[in-house]
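**Q** Take this structure, written in structure tokens, and hold onto it; I'll ask about it next.
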Amino acid sequence: MAGKIVLKGVILVALGATSYGMLATFVKLAYADIGVTGHPYSPAEVISAQFIIGIIAILVINAASRIKKGAEVVAATPRNILFLMLTGTSTGLTSIFYYLAVKYIPVSIGIVLLMQTVWMGVLLEWVLERRRPSNMKLAAVAIVLLGTAMATNLLSSRELPDWRGVVRGLLAAASFTTTMFASNRVAVHISAAQRSLYMLLGGAVVVFLFAAFTQSHEYNYDIFYKWGIVIALFGTVIPPLLMNAGFPLTGIGLGSIVSALELPVSVMMAFVLLGEQVVAVQWLGIVLIIAAIVLMNVPQGSIGRLFKA
């Protein structure tokens, strides 16, 4: 019975990670499309449509939860709401930086840069909690850095990725690291749907300010039904719900390993739908990054016991 529960959790997390992995390809396809104004869709339009549709969807989910559970739902306090919205600003920044990054660099490189959350999380934990990482974590960080150099093809390519995309990709990783670190510590006693809603509202403030200051042409309102629904579903609605349901069943360690599926799925989608070239050394780098994530999440001593067995 316990095995079936864990398997269910693995499937949920895997589907959530797969959804996230598809997201950047859909964003890139949206950028290549032309809106009703005759202009290509801008990052401001793509991101604002995603957040607006996402908020509406999460509102509906919260309403359905209240109808179903009634008094059992633990309501968020004003303090909970404030801190969740502040945490959500980093969610908005992650979307802004990541979507700007893939305007300048291939999706296959953008997702690798986003995965730098592996070592950024270790560094943030070290600084804020004054807790030195284990030797296994330090080894995993070294593997991630080597894997990144290979996955971005820095070691053999004569042409470096556009620095504008690289900087924005690293900023997206830093924002996402902040989101993960804070979201596991803020108002964890209330429902995942409520937490998602207030974090989305906080992110929306940042996104709408970004849209107001960067939108240079008449707004393409058809973005909402042409790409907004798809991007919101795969970026704002489906993955958080599936992962919030799956992680309690798998545990953080196994869940983190399974969620690494986002990386190969994203690269494969870019290879198939966008025609991005991905050479063998890049695939090897991706394998190394996934191996590092596994290394960081296996219980201490289990690897040694495996070799002794």
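**Q** Can you bin every Cα-Cα distance in the chain into 20 Å intervals starting at zero and give me the percent of pairs per bin, rounded to whole numbers?
**A** Binned Cα distances yield the sequence 31, 59, 10, 0.
**Q** Please check: in the Gaussian network model of the chain (C-alpha springs, under 10 Å), which one of Pro161, Pro106, Pro43 has the largest mean-square fluctuation.
**A** Evaluated over the chain, the most mobile residue of the options is Pro161.
**Q** Mean-square fluctuation check for the chain, GNM, Cα pairs under 10 Å: which of Lys226, Lys69, Lys137 is largest?
**A** It is Lys69.
**Q** Could you rank the peptides 55-65, 254-264 by their average count of other C-beta atoms within 10 Å per residue, with the highest value first?
**A** Values: 55-65: 15.8, 254-264: 20.7.
Per-residue mean Cβ counts within 10 Å order the peptides as 254-264, 55-65.
**Q** Another one. When the chain is fully extended, how far beyond the present Cα-Cα distance does Met180 get from Leu59, taking 0.36 nm per residue of separation? Working shown, then result.
**A** Numbers: separation 121, 0.36 × 121 = 43.56 nm, distance 2.21 nm.
Gain on extension, Met180 to Leu59, equals 41.4 nm.
**Q** Taking 0.36 nm per residue of sequence separation and subtracting the Cα-Cα distance, how much length would be gained by fully extending the chain between Lys69 and Leu274, in nm to one decimal?
**A** Numbers: separation 205, 0.36 × 205 = 73.80 nm, distance 4.39 nm.
Once the chain is fully extended between Lys69 and Leu274, it gains 69.4 nm.
**Q** Still on this structure: Above 23 Å lies some portion of the pair distances; for the range 72-176, what is it as a whole percent of all C-alpha pairs?
**A** On the way: 2283 of 5460 pairs.
Counting pairs separated by more than 23 Å, the tail of P(r) holds 42 percent.
**Q** Next question, about the same structure. Run the dipole for the range 111-185 about the Cα centre, Lys and Arg Cβ at +1, Asp and Glu Cβ at -1, nothing else charged, and hand back the magnitude in debye, nearest 20.
**A** 220 debye
**Q** Return the aspartates and glutamates within reach of Lys226: Cα separation strictly under 15 angstrom, same-chain partners fewer than 8 residues apart disregarded; answer none if there are no such residues.
**A** Counting by Cα, and skipping residues close in sequence, Lys226 has these aspartates and glutamates nearby: Asp33, Glu45.
**Q** Got the relative contact order for the chain handy, in percent, Cα pairs under 8 Å and 6 or more residues apart? Intermediate results must be reported in sequence, preceding the final value.
**A** Details: 432 pairs, mean separation 130.4, N = 309.
Rounded, it is 42 percent for the chain.
**Q** Between Gly110, Gly203, Gly275, find the one with the highest GNM mean-square fluctuation for the chain; connect C-alpha pairs within less than 10 Å.
**A** Answer for the Gaussian network model of the chain: Gly275.
**Q** Enumerate the helices in the chain for which the Kyte-Doolittle hydropathy averages -1.0 or more and the C-alpha atoms extend at least 27 Å along the helix's axis, using complete DSSP H runs.
**A** Working: long enough: 2-31 (45 Å, 1.35); 43-69 (38 Å, 1.24); 78-104 (40 Å, 0.70); 163-183 (30 Å, 0.78); 192-214 (32 Å, 1.54).
Qualifying helices: 2-31, 43-69, 78-104, 163-183, 192-214.
**Q** Could you name the aspartates and glutamates whose alpha carbon sits less than 15 Å from that of Lys137, not counting residues in the same chain fewer than 8 places away?
**A** Cross-link targets: Glu125.
**Q** Okay, next question. Among the aspartates and glutamates, select those whose C-alpha is under 12 Å from the C-alpha of Lys103, and discard any that sit fewer than 8 residues away in the same chain.
**A** Asp162
**Q** Summing -39500 (n - 2.57) over the DSSP H runs of n ≥ 4 in the chain and dividing by its residue number, what mean residue ellipticity at 222 nm do you reach, to the nearest 500 deg cm²/dmol?
**A** Values: 14 runs with 228 residues, N = 309.
After summing the helix terms and dividing by residue count, I get -24500 deg cm²/dmol.
**Q** Using alpha-carbon positions, what is the distance between the centroids of the range 62-126 and the range 267-292, in Å?
**A** 25 Å
No value in this document is a laboratory result; all are computed from the given coordinates. For clarity, every value in this text was computed on a predicted model and none was experimentally measured. Positions of Cβ are backbone-derived with ideal geometry, glycine not excepted, and every protein chain shown enters the neighbour counts.
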